[in-house]
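Just so it is clear, none of the values below were taken in a lab; they were calculated from the coordinates. Computed from a predicted model, the values in this text were never measured in an experiment. Using ideal geometry, Cβ is built from the backbone for each residue, glycine included, and neighbour counts are taken over all protein chains shown.
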């Protein structure tokens, strides 16, 4: 089955700096890659996703890039703010968003003032 | 996105008992998913609940321990049976509204603690 690795496990940045989180996947049939943000005690919330027919997607300060050949995808957050502090999870699926997700291990992002 | 209501939000249970968690969606969905999130860990899929058929369980999860019902297109339950301390986790349901190409959204989760 699918295996998703995520790095780093923790990331500390200064406010205003950029943060990058990287994930690799094993199943070449995976075609949908969402990113979730989970604040302490709350549900995972979808922040951005990308499908395999697209190489990059942006939404304001957040962007995701996908390299299908290398089977890796990354989350980029620019101009980080304290409210960006949370755990971020990448995931992969072979059937679009309606199919089961395999999650990475998570990255604890801390944005320091 | 869909409104997903999950209850209870938390519970404390005795060893050997069972807890049933409910997940209600405000629109019809084909597939509902149940995940487990152990303390400080990532999310692991327990099973996929399809309306009108048996749930599909992931490796390491069995029906006797995690029986699932899916009586209609807006509702599902997950029961965690014969509780032990290792079952202390957050259990989350998720749905993908609109079919196979739509993003998944999660309920608020059920925080389960075992005495």
Hey, what does the equivalent ellipsoid look like for chain B, semi-axes from the Cα gyration tensor as sqrt of 5 times each eigenvalue, largest first, whole Å?
23, 14, 13
Per-residue mean of other chain beta-carbon atoms within 10 angstrom of the beta-carbon, peptide B:102-113?
4
Approximate spin-label separation residue B:17-residue A:58, in nm, with each point projected 7 Å along Cα-to-Cβ:
5.4 nm
Among A:27, A:84, A:59, which one shows the biggest mean-square fluctuation in a GNM of chain A, springs joining Cα atoms closer than 10 Å?
A:59
I want to verify a result. In a Gaussian network model of chain A, Cα cutoff 10 Å, which of these has the top mean-square fluctuation: A:30, A:85, A:12?
A:12
How much space per residue, in cubic angstrom, does the convex hull of the C-alpha atoms of chain A take up?
93 Å³
Between the alpha-carbon centers of segment A:14-70 and segment B:37-115, tell me the distance in whole angstrom.
23 Å
Of the convex hull drawn through the C-alpha atoms of the protein assembly as shown, the volume per residue in Å³ is 117 Å³
Contact order relative to length for chain B, counting C-alpha pairs under 8 Å separated by 6 or more residues, stands in percent at 37 percent
Please give the average number of partner chain Cβ atoms lying within 10 Å of the Cβ of each residue in A:101-107, rounded to a whole number.
4
Note down the relative contact order for chain A as a percent, whole number, built from C-alpha pairs under 8 angstrom at least six residues apart.
37 percent
Comparing B:41, B:22, B:14, which has the greatest mean-square fluctuation in the GNM of chain B with Cα pairs linked when under 10 Å apart?
B:41
I'd like the mean, over residues of B:34-42, of how many other protein chain beta carbons sit within 10 Å of each residue's own Cβ.
3
